[in-house]
Structures are given as structure tokens and as C-alpha cells.
1. Taking the number of other C-beta atoms within 10 Å as the exposure measure, put ARG83, ARG66 in order starting with the fewest.
2. Along the stretch 88-94, what does the Karplus equation 6.51 cos²θ - 1.76 cosθ + 1.60 (θ = phi - 60°) give for ³J(HN,Hα), rounded to whole Hz, x for Gly and Pro?
3. Debye calculation, C-alpha points only, no solvent: report log10 I(q)/I(0) for the stretch 95-149 at q = 0.27 Å⁻¹, in the same order as the q values.
4. Based only on other Cβ atoms within 10 Å, what is the fewest-to-most ordering of ILE91, ILE45?
5. Order of SER131, SER46, SER39 from fewest to most other C-beta atoms within 10 Å?
6. What's the extension gain from THR125 to ASP85 if we count 0.36 nm per residue and subtract their Cα-Cα distance?
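Nothing in this text is a laboratory measurement; each read-out follows from the coordinates by a stated rule. Just so it is clear, the structure is predicted and the values come from calculations on it, not from any experiment. Note: ideal-geometry Cβ built from the backbone for every residue, glycine included; neighbour counts use all protein chains shown.
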Amino acid sequence: MRLVVACVALLVVIAFPGCGGDDGDSKGSFVDQADVVCSEAEAEISRVPPPQDPTDPLQLAGFLERALPVAQKQNAELKELERPDEQRAQINELIAALDAEVDAAERMLAAAKREDREAIQQLLTESGLASAQAKRAAEGLELAVCGGS
């Protein structure tokens, strides 16, 4: 059960941990646009059912196959937003952390397909570290949806 809870938490964090850019110069506009992107991802990922058997890596793989594209799309959309100069470094940090989370989830999918439970656990730890970094950056940017509170 711990594996599924951790994996569901991972995908929730990936889908809405923090966000990135803006098409204007104001912080408010950036935050608003980023939170819209994350809200859409949150709604989409909430429709992906978790594995019925939390100990089955192949069910985890099926879950990740459906959830990962949502996180990848979110990150791509966030990268397209312009970043206000005064927040550029913090936004870049956030996007790097989000990319690290997605990378860990992609490798977790491969591990789940191989039924490699040890690798899955290691990747959950790695993703958790990236998630904490993304959350700190999101909080610093005062994102409401992204970053989860």
C-alpha cells in the first residue's frame, strides 16, 4: 500500500508542484497563468485511477503511463510562459525541479515495467527531494495551485 500512496503522491506533486512563467512583467500575471496551467493538470490527473493492487509494479506502470503525459504537458506549457526578469532565477529553479520529478517518474515507469521494486523505491526518494525543491520555489513565487500547500 505504501508504494501506491507514494506513487499517487508523486504524480500529484508532479502535476501541480510549482509552475513557471508569464507573458507580462507583473508577478500577478505570471502567478495567474501558471496556476491555470497547474489547475488544468490537476483536473486531468485526478481522473487517472490509481492501481487497484498497490504492490503490483505492472499496475503502477499502467498508472504512470496515463499520468506521466499530463505532467510532461504541464511542464512544457510552463516552459512556454515568459518569465519576469525579477523572478527568472526562482522560476528556472522551479522548472529544473519539476523536470527532475518528471525524469524520476519516467525512470520509475521503466523500473515498474521491469518489476524492479528496489529501483522504484530509490526513484520515489529521488522524486521526493525534487518535489521538496519545487515546493519551496513555488511557495517563494506565491503560487496558489502549483506547489500545493
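1. Least crowded to most crowded, the residues run ARG66, ARG83.
2. Computed from phi, the couplings for the stretch 88-94 are 3, 5, 5, 5, 4, 4, 4 Hz.
3. Values returned for q = 0.27 Å⁻¹ are -0.94.
4. Ranked by crowding around the Cβ, least crowded first: ILE45, ILE91.
5. Least to most surrounded, the residues fall as SER46, SER39, SER131.
6. Result: 11.1 nm gained on full extension.
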